[in-house]
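Worksheet for the structure shown next.
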């Protein structure tokens, strides 16, 4: 829908007849809300009274050669202009907003203002200082350009107000649009930053969760089981079965350890017995070769071989080193032959 002239239409002349002249209702376009008819009659423009039902016998309607529909309501009209940046590859787009309302519908129809944005764009283009406000800035400095353009437009509209014949025009404001490529870049940077923050937050949550779980586990398996039950990760029946199995495994392991200890003790006793027997045989062999027998030493060895010491200390104490050395004579001198059988006759 255009503004302020909504539509224009040529009208055929009304032929005279036997009855009074009248314009067919179908020749005149439907009037939208907020608009008025402006008839062109013999080179002049006449506004049909607003709010009155259309009369096909009205002289202006009958004699008109054209009709215009003019919107008389206040509208917000925007006009754009491209201004340069420091780079030839980039440019800024400014968009100014104006409130416009028709004050003289006949004049507007005569001027044929179909789009109020056209004269407003020409008004923006007439300010040379507006381009200088942005020419020294890069496209990334759009915020600085916005500030300078706003100050320039405030001064420009005050010194040279916008004007459209037959209408009241008032400057509302101006904005500098973000270029599409810059907007795309900023969106990508923003999305990447948000993604990094999301990943960082997830890692923080995971770390907190790990520390919390580790603290629970450090308090023992019962806390871990309770945590699993609370999160529905494990059932109480499963916990009871596992505890029963662990107890059974502990008992079996204890029996294995006890049997192993007994087996090792038996092997140790057998080894000690064999060592004693070997020692006895060695003493006997030595006595046979020397021809002398120490009865007291022999008896001690026999008693030692028949006795099972309770531990290694008792086995060691059963045969002191002094007892298996050559016997000492009471006067301090040694007699290797004393107490030994010299020959077979002494056995009698």
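Of note:
- Search result, residues across segment 14-35 that are modelled with pLDDT of 90 or more and in a loop (DSSP other than H, G, I, E, B): 28, 29, 30, 31, 32, 33, 34
- When segment 36-51 is filtered for residues that are part of a loop (DSSP other than H, G, I, E, B) and over 15 Å from residue 23 (Cβ atoms), the ones remaining, listed by number, are 42, 43, 49, 50, 51.
- Checked across segment 99-107, the condition of being out of contact with any helix residue (DSSP H, G or I) (no Cβ under 6 Å at 6 or more places or on another chain), at pLDDT 95 or above, surrounded by 17 or more Cβ atoms within 10 Å (Cβ to Cβ) and in a strand (DSSP E or B) holds for at least one residue.
- The criterion of being free of Cβ contacts under 8 Å to residues at least 24 places away in the same chain, touching a strand residue (DSSP E or B) at 6+ places or on another chain (Cβ under 7 Å) and surrounded by fewer than 19 Cβ atoms within 10 Å (Cβ to Cβ) does not hold for residue 118.
- Residue that is farthest from residue 108 (Cα to Cα), among those in segment 45-60 that are in contact (Cβ under 8 Å) with a residue 24 or more places away in the chain and touching a helix residue (DSSP H, G or I) at 6+ places or on another chain (Cβ under 9 Å): 56
The values are calculated or read from the model by the stated rules, or taken from the named source; none is laboratory data. Remember, predicted model here, so these are calculated numbers, not experimental data. No Cβ is skipped: glycine too gets one built from the backbone with ideal geometry, and neighbour counts run over all protein chains shown.
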